[in-house]
Amino acid sequence: MDDSGVADAFYTLLSIAIVLVAAIAVSGVVLSSTVKQGKDVGDRISSFGDTVMKKGLYGFYYAVDAGRSDFSSADPNDIVLRKLVYERADTVISFNKSSAPKAMPVTNGAVIWSGYLNIPADGDYVLELCGSGRIWLWLDGKQLEYGFFSGANPSTTFTLHLTKGFKPLKIKFAYQSLNAANCNLSWQHDGHMDPVNTFVR
């Protein structure tokens, strides 16, 4: 091999070595960042008393792709979201025509609420989900409720034994007519039903 070939081989090996070193360095940064993000989430929850977390749920408001959606299905994935039209923080889940953002479509809309439900103490909690439309509820990673709510079937009540702390919560609500749409989540307090208001995000 002549000097030119030796030089080419040397620079090829050097380039490979540089790429490997860079890849190892990037992997280390990604791993460090992932660990830090996990720690940051834990810190946010544990330091709620220091106002790190904020009251209310994230509310994401959508127009639905009616042509690709099946409003008769019990599968939440059959409601196909077309476009995000608005987002805000909601301290309670109490949706109807008057409380809806102006950007919400008159027909075929949806809302996804996401955050945490702060359970003040261990115990049995009576919750009520009511409205008009399709509603799915997940709590602590499990789908608990699905319902097609209407005038003939306006609500469902269920009892859960919950432990103190922050429970991940998500609700997906879909409607075909904004004029008739509503969605509410309440729980029993002092013998009567009140809107759940211990959400954080």
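The values are calculated or read from the model by the stated rules, or taken from the named source; none is laboratory data. None of these values were measured; they are calculated from a predicted model. When we count neighbours, we look across all protein chains shown, and the Cβ atoms used for this are built from the backbone with ideal geometry, even at glycine.
Okay, residues lined up against (1) crowded, with 17+ Cβ neighbours inside 10 Å; (2) under 29 Å from D190 (Cα atoms); (3) of a type in the set (A, V, I, L, M, F, W, C); (4) out of contact with any Ser or Thr (no Cβ under 7 Å at 6 or more places or on another chain):
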| position | (1), (2), (3), (4) |
| --- | --- |
| S73 | no, no, no, yes |
| Y86 | no, no, no, yes |
| W113 | yes, yes, yes, yes |
| G123 | no, yes, no, yes |
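Looking at N118, N197, N108, N182, which is the one that is farther than 27 Å from G67 by Cβ and surrounded by 18 or more Cβ atoms within 10 Å (Cβ to Cβ)?
On inspection, the qualifying residue turns out to be N118.
Conditions (1) in contact with a Leu (Cβ under 9 Å, 6 or more places away or on another chain); (2) over 19 Å from N197 (Cβ atoms); (3) in contact (Cβ under 8 Å) with a residue 40 or more places away in the chain, marked per residue:
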| residue | (1), (2), (3) |
| --- | --- |
| Y61 | yes, yes, yes |
| A66 | no, yes, yes |
| V85 | no, yes, no |
| G109 | yes, yes, yes |
| N118 | no, no, yes |
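Tally time: how many residues in region 59-97 are at pLDDT below 95 and within 12 Å of N108 (Cβ to Cβ)?
1
Given region 150-201, what strands (runs of 3 or more DSSP E) lie entirely inside it while holding 2 or more residues that are polar (S, T, N, Q) and in the same structural domain as K97 (by TED's automatic domain parsing)? Break it down into steps so the answer makes sense when it comes.
Working: elements: 155-162, 165-177, 182-189, 192-195.
Passing ranges, in order: 155-162, 165-177, 182-189.
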